[in-house]
Amino acid sequence: MADRTSSSITIGSGKAEIMAVIADLEAYPKWASGIRDFTVLETGPDGRAARARLTFDGGPFSDTVGLAYTWDGDDGVRWELTEKGNVVTGLHGTYTLRETGEGTTEVTYELAVDVRVPMIGMVKRKGEKRIIDSALKGLKRHVEG
């Protein structure tokens, strides 16, 4: 899972407010397209999710996977696949937040996904890019709305 896809967006808010939205996994179905359900299974000492189960509907693929989270305060979060789904066999993602001044924050989303179905690298990266862009736009709309 060496190849990763990433994209960034600037959101008119501070890191703490944006990270609060990112950390509220169970609210994702309200603003993140393709997310049907997010269930927190275990929380860490900071009250944020340590393990969760995600059900998504990504066009031709729907799946449920288990994820483990590592939080870096309001600076970022990373997640790894802990339970494979019927389609997804590998997953690594990160959100990194960097305040840019004047009440804005640059949010970078990095994602690598492996699936059971053989897929050309370019097609896989295009799918990852679509997921990332949709998530970042949804996050921006939700935070700024």
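Laboratory data are not the source of any read-out in this text; all were calculated from the coordinates shown. Keep in mind that this is a model prediction, so the values were computed, not measured. Every residue, glycine as well, gets a Cβ built from its backbone with ideal geometry; the counts of neighbours run over all protein chains shown.
Taking 7 Å steps out from each Cα toward its Cβ at residue 6 and residue 89 produces label points 2.6 nm apart.
Is the shape of segment 1-60 best called rounded, prolate or oblate, per the rule: a/c under 1.5 gives rounded, else a/b larger than b/c gives prolate, else oblate, with a ≥ b ≥ c the square roots of the Cα gyration tensor eigenvalues? In terms of gyration-tensor shape, rounded. The simple spin-label model puts a point 7 Å past each Cα toward its Cβ; for residue 104 and residue 144 those points are separated by 0.9 nm. Centroid-to-centroid, using Cα positions, segment 30-50 and segment 125-145 are 17 Å apart. Which one is right for this structure if Cα extents along the principal axes in Å is calculated from it: [x] 49, 37, 33; [y] 45, 33, 27; [z] 79, 35, 28? So the calculated entry is the one marked [y]. Only Lys, Arg, Asp and Glu carry charge here, each on its Cβ (+1 for the first two, -1 for the last two); on that basis segment 2-106 has a dipole of about 280 debye about its Cα centre. Note on residue 16 and residue 64: their simple-model spin labels are 3.7 nm apart, each label 7 Å out from Cα toward Cβ. Counting only DSSP H runs of at least 4 residues, each contributing -39500 (n - 2.57), and dividing by the residue count of the chain, the helix-based mean residue ellipticity at 222 nm comes to -8000 deg cm²/dmol.
The Cβ shell under 10 Å around residue 128 holds other residues with a net charge of +3, Lys and Arg each +1, Asp and Glu each -1.
Net charge around residue 23, counting only other residues with Cβ within less than 12 Å of its Cβ (Lys, Arg = +1; Asp, Glu = -1)? Residues close to residue 23 contribute a combined charge of -4. Each Lys or Arg adds one and each Asp or Glu subtracts one; over the other residues with Cβ under 11 Å from the Cβ of residue 46, this totals -1. Cα axis of helix 121-144 to longest principal axis of the chain: angle in degrees, 0 to 90, nearest 10? Long axis of 121-144 versus the principal axis of the chain: about 30 degrees.
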